[in-house]
1. Among Asn200, Asn92, Asn235, whose mean-square fluctuation peaks in a Gaussian network model of the chain (Cα, cutoff 10 Å)?
2. Jot down the radius of gyration and Dmax of the stretch 1-78, Cα atoms only, both in angstrom.
3. Choose one answer from Lys57, Lys251, Lys82: the residue with the largest mean-square fluctuation in a GNM of the chain with alpha-carbon springs under 10 Å.
4. Note the full-extension length gain between His100 and Thr301 as 0.36 nm times their separation in residues minus their Cα-Cα distance, in nm to one decimal.
5. What residue among Arg63, Arg53, Arg41 shows peak mean-square fluctuation when the chain is described by a Gaussian network model with Cα springs under 10 Å?
6. Tell me, what are the semi-axes, in whole angstrom and largest first, of the equivalent ellipsoid of the stretch 68-133 as set by the roots of 5 times the Cα gyration tensor eigenvalues?
7. Filter the cross-link list Lys94/Lys308; Lys203/Lys232; Lys131/Lys251; Lys131/Lys281 down to pairs whose alpha-carbon distance in this structure exceeds 30 Å.
8. Starting from the 7 Å offset along Cα-to-Cβ, what nm value, one decimal, do you get for the label separation of Val259 and Ser60?
Amino acid sequence: MDELQHLPRTLIEAIRYFSDQDVCVEFVARLRWPDGPVCPRCGGTEHSYLKTRRLWKCKSCKRQFSVKVGSIFEDSPIGLDKWLAAMWMIANSKNGVSSHEMARSLGITQKSAWFLLHRIRLAMQTGTFEKLDGQIEVDETFIGGKARNMHKHIRARKITGTGGKDKAIVAGVLQRGGEIRVTVVPNTTRATLQAGIRENVEKGSAVYSDALRSYSGLDDEYVHEVIDHAEKYVNGQVHVNGVENFWSLLKRGLNGTYVSVQPFHLFRYIDERVFTYNERKLTDLDRFLVVLGTAAGRRLTYTELTGKA
């Protein structure tokens, strides 16, 4: 309990607390291995610690390992002091942090900051088989540049139709008072959107949607009610204002902070916004600890991220 009272609560406190590399290694090691370090190669628990190199040497397989091995930190030359500061910043940002801003803050290159941020987003991914229930809002949105903001030759190349054509499509399922789940989808057909609803929502739940015809046919499994935005936006409990509020937060980050997001990486930025929204009731420290607690067992290489060998 005394140790918890001394943990940082703000960004400036976190930067000071994690300025010592030894403190960083001990902190991450204790969170990752509550019962003591475990060799990631053989599972051995008998080891010696090489203090000058901040490495453990397993007495079973004779191999050395660091606290970074088998985590999003693996093979990164960036010190844990900068990693943990970056993790605190992105976990507690309302609109995201661009790689350029992160690079200036940490004193690293923009390329390194971009790679670092994507690895932290990997730790933010949450996966569960538990379905949402109660009052559920479903909606979809289009992500892409506005035609009126493009130069004429760019608009002619990128915009080949009206509405959402040539834009990425994102579908969301929101449990009122609970969490949201968002997925990049290939289209807005009935089969695609309803498959996502059935995958994430318990049968018998109240499902609210707009008048898009792709949502028709849910009545067999759900209490489905529709709000027609051509007439009104709220009819008692029937509305999708909650999920549309999330779209506003998402686009504020994409358009205002990240500016240009490739469709190939869109799901990673969505994972970041979904995490901060779902964990909105936690303190800054708790959100940081959640991300750090899921850093082990996940790895993202630069080749995997860029698709380039």
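The values are calculated or read from the model by the stated rules, or taken from the named source; none is laboratory data. What you see is a predicted model, and the numbers here were worked out from it, not measured in a lab. Virtual Cβ from ideal backbone geometry, glycine too; neighbours counted across all protein chains shown. Side chains are part of the model used for accessible areas, which takes the heavy atoms of the whole protein and leaves out ligands, DNA and RNA. Shrake-Rupley method; radii C 1.70, N 1.55, O 1.52, S 1.80 Å.
1. Largest GNM mean-square fluctuation: Asn235.
2. 13.9, 41
3. Comparing Lys57, Lys251, Lys82 in a Gaussian network model of the chain, the most mobile one is Lys57.
4. 70.3 nm is the gain from fully extending His100 to Thr301.
5. Arg53
6. Result for the stretch 68-133: semi-axes of 24, 16, 9 Å.
7. Where the Cα-Cα span goes over 30 Å, the pairs concerned are Lys94/Lys308.
8. Simple spin-label model gives 5.1 nm for this pair.
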